[in-house]
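**Q** This structure is in structure tokens; I'll ask about it shortly.
The values are calculated or read from the model by the stated rules, or taken from the named source; none is laboratory data. All values reported here derive from a predicted model rather than from experimental measurement. Cβ placement follows ideal geometry from the backbone for every residue including glycine, while neighbour counts extend to all protein chains displayed. We work out accessible area using only protein heavy atoms, side chains counted, and drop any ligands, DNA or RNA first. Shrake-Rupley method; radii C 1.70, N 1.55, O 1.52, S 1.80 Å.
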Amino acid sequence: MNDLHDGLRIERAGSEAQLGDWRAVHNTIIPTAVLSLDEVRERAGRNRLDVAYLGDVVVGCSTVRPPDEETTAATVIARTLPAFRGRGFGTALYERGLAHARTLSDEGVETVVLASNEEGLRFALARGFVEVERYVLPGDTVPFVALRLA
């Protein structure tokens, strides 16, 4: 557990309730790639999944993926529900994820943002990320934007 400003608490998603909270935020922010609870459990086995709470209210989540066959960089994705943006919660999630990502790879840090999430793209660009590619998952119409920390 990590206590932060204004009562924000960030926890590693381990319990079924926390995995459900992580899933709810993910599916709200990325409606084009909705995940089942089984898919979230599988992701939790290979990635670090954190959930942010303000008191008992879920405000965001994050994912840190280690390098894999596609990239030597670690990937950090911070998501904040729209009603809680602009209050530093996304920054707290991002900074916690970035610190962990830097322990996983010396080859850089990447992130991924759904192209329709303009606030998320602005957030990433403001932190020094630059766009490297756009791609559409099979069956989707909205591209994802891959960015790399410059």
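**Q** Below 8 Å, C-alpha to C-alpha, sequence gap of six or more: please give me the relative contact order for the range 23-150 in percent.
**A** It rounds to 19 percent for the range 23-150.
**Q** Right, another one. Within the range 45-86, find all residues whose amide N lies under 11 Å from a label point positioned 7 Å from the Cα of ALA17 along Cα-to-beta-carbon.
**A** 56-57
**Q** Whole-Hz Karplus ³J(HN,Hα) for the range 65-80, in order, using 6.51 cos²θ - 1.76 cosθ + 1.60 and θ = phi - 60°, x for Gly and Pro?
**A** Result, ordered by residue: 9, x, x, 9, 5, 8, 8, 8, 8, 7, 10, 10, 10, 10, 10, 10 Hz.
**Q** Further question on the same structure: On a C-alpha basis, how far is the centre of the range 24-68 from the centre of the range 75-144 in Å? Whole number, if you could?
**A** 13
**Q** Fully extended, how many nm does the chain gain between GLU107 and ARG122 (0.36 nm per residue separation, minus their Cα-Cα distance)?
**A** Contour length minus Cα-Cα distance gives 3.0 nm.
**Q** Once you charge only the Cβ atoms, +1 for Lys and Arg and -1 for Asp and Glu, what is the size of the charge dipole of the chain about its Cα centre, to the nearest 20 debye?
**A** Using Cβ point charges on Lys, Arg, Asp and Glu, the chain gives about 300 debye.
**Q** When the Kirkwood radius is taken over all Cα pairs of the range 21-91, what Stokes-Einstein diffusion coefficient follows at 10 °C and 1.306 mPa s, in µm²/s?
**A** D, rounded to a whole number, is 124 µm²/s.
**Q** I would also like to ask the following. For ALA115, what residues show an amide H to amide H distance below 5 Å, using hydrogens built from the backbone and excluding near sequence neighbours?
**A** HN-HN under 5 Å from ALA115: PHE144, VAL145.
**Q** Consider just the alpha-carbon atoms of the chain and return their Rg together with their Dmax, both in angstrom.
**A** 14.3, 41
**Q** Checking the a/c ratio against 1.5 first, then a/b against b/c, what shape does the Cα gyration tensor give for the range 38-78?
**A** oblate
**Q** Also, quick follow-up: Which value at 222 nm does the chain reach when only helices count, each DSSP H run of 4 or more adding -39,500 (n - 2.57), with the total divided by all residues and rounded to the nearest 500 deg cm²/dmol?
**A** On the way: 4 runs with 49 residues, N = 150.
When only DSSP H runs of four or more count, the value is -10000 deg cm²/dmol.
**Q** Probe 1.4 Å, all protein chains in place: accessible area of ASP56 in Å², nearest 10?
**A** Roll a 1.4 Å probe over it and ASP56 shows about 140 Å².
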